[in-house]
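Notes follow the structure.
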Amino acid sequence: MTSRSFFLGLIASFGLAWLLVVVVPFFKMRDLKPIVLKEGVDTVEGATGPENTQFYFPKRTGRIANGAAVYAANGCYLCHTQVIRPTYAGNDTFRSDWAGRKDNGDGVDTRRETNAWDFQYEKFAQIGTTRLGPDFSNLGHRIEDEYAKGSDPARWLYQHLLDPRLEVDRESSKCPSFRYLFDEVKIQGNLPEYAFNYNAKKKTALVPDADAKALVSYLLSLKKDDAVPAVLSFGPKKEAATASAAPAKKN
């Protein structure tokens, strides 16, 4: 074998893999086409919004989209994934709260795998690189149902961003503090709704800035509970994808 044929073979081997794994998926997913809903199968009974139109609309707009940019800029994806893997690749669908809410007798089971449309309107799919921290696919549900424990979910999350190790059961958390997303302001009169670390002597407190507000909106929106079309639903076997589900809550 000559050096020329060796290098050509090497380039072809790596080039083909790069083409199939990177280039082709990129061009297929960069401009996702709307998913057409099948009448009687994918429509939500009684819904009057986008849920009962001809196409499937994922929920990623407004300040949520701005929060996705803050999430990316701060490298949150380095420690947290947003991927519920297919059953053949792992057991994510059956992990508690990772893939959605299990049917607890109310007839609603939102557990499902991740699909490309979950990242529509974001600049890139924040699937993550490692699971140093928990998966965030359904973080919004966990904060509301478990972490905040009946209190204001947004306030709990702001406090966590400010001091991730404040709570006793989170003393070993590896999450860094996002103190720089809070401004120290002079307080005149009543404390703002989301004010922390009030200093009575200086009459100052920390309040979230615009980036912090956008980030919290984004994190609280992470709920894979929108009723996806049957063609995108590969989760646990259940009734037709959206036949008995309540209309998905839009943020």
Q: From (1) closer than 18 Å to A214 by Cα; (2) surrounded by fewer than 16 Cβ atoms within 10 Å (Cβ to Cβ); (3) touching a helix residue (DSSP H, G or I) at 6+ places or on another chain (Cβ under 8 Å); (4) of a type outside the set (S, T, Y), pick out the condition that doesn't hold for D183.
A: (3)
Q | Those residues of the stretch 4-38 which are among the small types (G, A, S) and either under 24 Å from A125 (Cβ atoms) or modelled with pLDDT under 85 (or both), in sequence order | A | G15, A17
Q.
Can you find a residue that is over 29 Å from K174 (Cβ atoms) and at pLDDT 80 or above anywhere in the stretch 48-64?
A. no
Q. Checking K123 against (1) closer than 23 Å to A212 by Cα; (2) surrounded by 13 or more Cβ atoms within 10 Å (Cβ to Cβ); (3) modelled with pLDDT under 80, which test does it fail?
A. (2)
Q. Looking at D118, D145, which one is surrounded by fewer than 18 Cβ atoms within 10 Å (Cβ to Cβ), out of contact with any helix residue (DSSP H, G or I) (no Cβ under 8 Å at 6 or more places or on another chain), at pLDDT 80 or above and outside any loop (DSSP other than H, G, I, E, B)?
A. D145
Q) Does G128 fit the bill of being closer than 29 Å to R170 by Cβ and in a helix (DSSP H, G or I)? A) no
Q) What pairs can you find where one residue is in the stretch 125-138 and within 15 Å of L219 (Cα to Cα), the other is of a type in the set (F, W, Y) and surrounded by 16 or more Cβ atoms within 10 Å (Cβ to Cβ), and their Cβ atoms are less than 6 Å apart, with a gap of 6+ or different chains? A) A125/F119; Q126/Y77; G128/Y77; D135/W98
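The values are calculated or read from the model by the stated rules, or taken from the named source; none is laboratory data. Owing to the predicted nature of the structure, the values given are computational and were not obtained by experimental measurement. Neighbour counts run over all protein chains shown; Cβ positions are idealised from the backbone, glycine included.
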